Amino acid sequence: MNEIAAPNLVRLPDLLLAPLVEAALVEDLGRAGDITSNATIPAATVSALVLRARDHGVIAGLDLARLAFAAISPDIVMTVVRDDGHVVAPGDLIARVTGPARAILTAERVALNFLCQLSGVATATHTIARAIAHTRARVCDTRKTVPGLRTVQKYAVRCGGGVNHRFGLDDAVLIKDNHVAIAGGVVPAIAAARAAIGHLVKIEIEVDTLAQLDEVLAVGVDAVLLDNMGPDMLREAVAMIGGRAIAEASGRITPETAPAIAESGVDLISAGWLTHSARVFDIGLDAAL
């Protein structure tokens, strides 16, 4: 299977990934290291193992797995067969791992934890990306990420064919319902934001009703988050916006509801569950046959 969900994927540099891997290994090794492997596997034993998919999905996180193995032993060689962004089926070979058996087994869980979690995010994203492929809309993530893993989870979204929303609070202004309530309304919130930011910072605002949207359009913003609107209301909202701002739909979007939402004409569909609740993708590290 040679389908690629993200053909133009840009990989993350090892410099960004290494601290995550180091922290995970320190947590797992504890005070005495892998006492099980050290006790049961002779030090000179060399093994050849393979990473195989056990489900249908998209791969993400191979660089983290590679760094985990390399951190335990530079003598471990991981040869990738199907890289990040590739679509796989049960039984597909992802990579070969050869080297000192003790070291491979010591790094195994950390390598698989990263690989399975991120492949789950990529797979969830690809499920929606495929469902809306007949439309102009794109699927994107949110800031609802596992603490400490935002960079790699957002990378996994890209592996699955999605795009990224803002990475942090400093990327862009996103005025939500609580901001509006405390600021005294849509127009005062936008005015205050515009007065406080630099000329390259974009402003997006969340609206729940078409009346709010009308207020927003009167003063202008870069993007509008249309929250918890059905397809019919979204179509009205898109018509009102008329290309004057990016239209983003959000709110309990699933692979089943995504097509109708995308067909309303919105530019983006954002879903927090892609990163906070995606099902872990099953990958096994097994003896090579």
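The values are calculated or read from the model by the stated rules, or taken from the named source; none is laboratory data. Please read all numbers here as calculations on a predicted model, not as lab measurements. Here the Cβ positions follow ideal geometry from the backbone for every residue, glycine too, while neighbour counts run over all protein chains shown. Just so you know, the surface numbers come from the protein's heavy atoms only, side chains and all, with ligands and any DNA or RNA stripped out. Shrake-Rupley method; radii C 1.70, N 1.55, O 1.52, S 1.80 Å.
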- [ ] Run the quick spin-label model on N164 and A218: label points 7 Å from Cα toward the beta carbon, then report their separation in nm to one decimal.
- [x] 3.7 nm
Task: Accessible surface, per residue, of the chain when the full set of protein chains is kept, probe 1.4 Å, Å² - done: 48 Å²
Task: Contour minus Cα-Cα distance for H199 and N2 (0.36 nm per residue) - done: 66.6 nm
TODO: Could you order peptides 88-101, 259-272, 180-193 by the average number of other Cβ atoms within 10 Å of their residues, highest first?
DONE: 259-272, 88-101, 180-193
Open item on the list: Give me the one-decimal nm value for the distance between modelled label points at D286 and A43, 7 Å along each residue's Cα-to-Cβ direction.
Closed with: 3.3 nm
- [ ] Could you state, as a whole-number percent, how many of the C-alpha pairs of the stretch 130-277 are farther apart than 28 Å?
- [x] 17 percent
TODO: Please give the peptides 131-143, 150-162 ranked by average Cβ packing (other Cβ atoms within 10 Å per residue), highest first, as a rough proxy for protection.
DONE: 150-162, 131-143
Open item on the list: Above 37 Å lies some portion of the pair distances; for the chain, what is it as a whole percent of all C-alpha pairs?
Closed with: 26 percent
TODO: Would you tally the net charge around A18, using a Cβ to Cβ cut-off of less than 12 Å, leaving A18 out, and scoring K and R as +1, D and E as -1?
DONE: -2
Open item on the list: Could you work out what % of the accessible surface of the chain is carbon and sulfur, using a 1.4 angstrom probe and leaving DNA, RNA and ligands out of the count?
Closed with: 56 percent
Open item on the list: Just want to confirm a number: the relative contact order over the chain, from Cα pairs under 8 angstrom separated by 6+ residues, in percent.
Closed with: 22 percent
TODO: Only helical DSSP H runs with n ≥ 4 go in: add -39500 (n - 2.57) per run for the chain, normalise by residue count and round the 222 nm mean residue ellipticity to 500 deg cm²/dmol.
DONE: -13000 deg cm²/dmol
- [ ] Quote to one decimal, in nm, the extra length available between E263 and S277 on full extension: 0.36 nm per residue of separation minus the C-alpha distance between them.
- [x] 2.5 nm
Open item on the list: Could you give the length gained by full extension between A133 and A239, i.e. 0.36 nm per residue of separation minus their alpha carbon distance, to one decimal place?
Closed with: 36.0 nm
